[in-house]
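Taken together, the values in this text are just the output of simple stated rules run on the coordinates, not laboratory data. Note that this is a predicted model, so its numbers are computed, not measured. Cβ coordinates were reconstructed from backbone atoms using ideal geometry, including for glycine residues, and neighbour counts include every protein chain displayed.
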Amino acid sequence: MVTNMLKFLLNKKGIVSWLLSQIALILATGILLASIASITFYSDWKKEAEIKAIASELASWIYTMDLRVEENITKFFFPIKDFYYNVSISTDYIVIERYDGRIKDTIRISHPLFIKPYVVRENLDIEWKNSEELHEKLKEKYGMNGNAGEEISIFLKNDIKNYIEEELDKISVEIAQKPLQIDIDKPLILENCIIHFDDASILNVIFIYQEV
């Protein structure tokens, strides 16, 4: 009787020991998998942060152009990275994609623009595509081109604002459907057109395009 009891206790201890070892193995496996998942997630998060920084910098440049009080043409050079990324621009957003994610192949960010630039691309039906052409059009429509020294009457300011906004709204839909695709190996041209009025006020129009 005593011998049978000892055998039962020994067997029970063996089972408990086996269960404990299995639990320890499961816990270790869980910790390892969690660590791998954490590293993978952090890697993709870091990659996303890199392209967010590029989009944020470009958006800041565009916003700064709108604050200028003199006409200016600036070239924005995209940073050289050890990975390929694709950039597209509409009147409302900068979109950047890279294709080396771990959780998902494509990492995509969309950065809003706080001003609506006049985005110009090929095969776009527009009346003007840069400052020079806009000033020429104003001369044709209103008798003055809006340059410093040839200011337009302040009484026409609302008409001109509405005219420019209508043109921008017209292309916004088309640009949203087919954004400007950027060649990151070439600079992006940011052009600030300033329309002067005879009360010393100004109106800014920002053009974005890429030379072929």
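When N counts the residues of the stretch 53-201, how does its alpha-carbon radius of gyration compare numerically with 2.2 N^0.38 Å, as a ratio? Don't skip to the answer; put the middle values down first.
Details: Rg = 17.6 Å, N = 149, 2.2 N^0.38 = 14.7 Å.
Cα Rg divided by the expected 2.2 N^0.38 Å: 1.19.
Dividing the convex hull volume of the alpha carbon atoms of the stretch 114-165 by its residue count, what do you get in Å³ per residue?
102
Residues in the stretch 76-103, backbone N under 12 Å from the label point at S43 (7 Å along the Cα-to-beta-carbon vector): list them, ranges by number please.
Only 100-103 pass the distance filter.
Set the Förster distance to 35 Å, then compute FRET efficiency between S56 and K170 from the Cβ-Cβ distance, nearest 0.05. The partial results should precede the final answer.
Working: r = 29 Å, r/R0 = 0.82.
Given R0 = 35 Å and the Cβ-Cβ separation, E is 0.75.
Mind giving me the FRET efficiency for Y93 and S201? R0 is 35 Å, r the Cβ-Cβ distance, nearest 0.05 is fine. Intermediate values should be presented prior to the final figure.
Numbers: r = 30 Å, r/R0 = 0.84.
Rounded to the nearest 0.05, the efficiency is 0.75.
How much length is gained if the chain between E122 and Q181 is pulled fully straight, taking 0.36 nm per residue apart and subtracting their Cα-Cα distance, in nm to one decimal? Could the numbers behind the result be given before it?
Working: separation 59, 0.36 × 59 = 21.24 nm, distance 1.02 nm.
Length difference between fully extended and current span is 20.2 nm.
Quick one: what are the phi-derived ³J(HN,Hα) couplings along the stretch 92-107, Karplus 6.51/-1.76/1.60 with θ = phi - 60°, whole Hz, x for glycine and proline?
Once θ is set to phi - 60°, the couplings for the stretch 92-107 become 10, 9, 9, 10, 10, 10, 10, 10, 10, x, 9, 6, 9, 4, 9, 9 Hz.
Past the 31 Å Cα-Cα mark, which pairs from K46/K161; K81/K178; K47/K161?
On the way: K46/K161 42 Å; K81/K178 26 Å; K47/K161 41 Å.
Violating the 31 Å limit, Cα to Cα: K46/K161; K47/K161.
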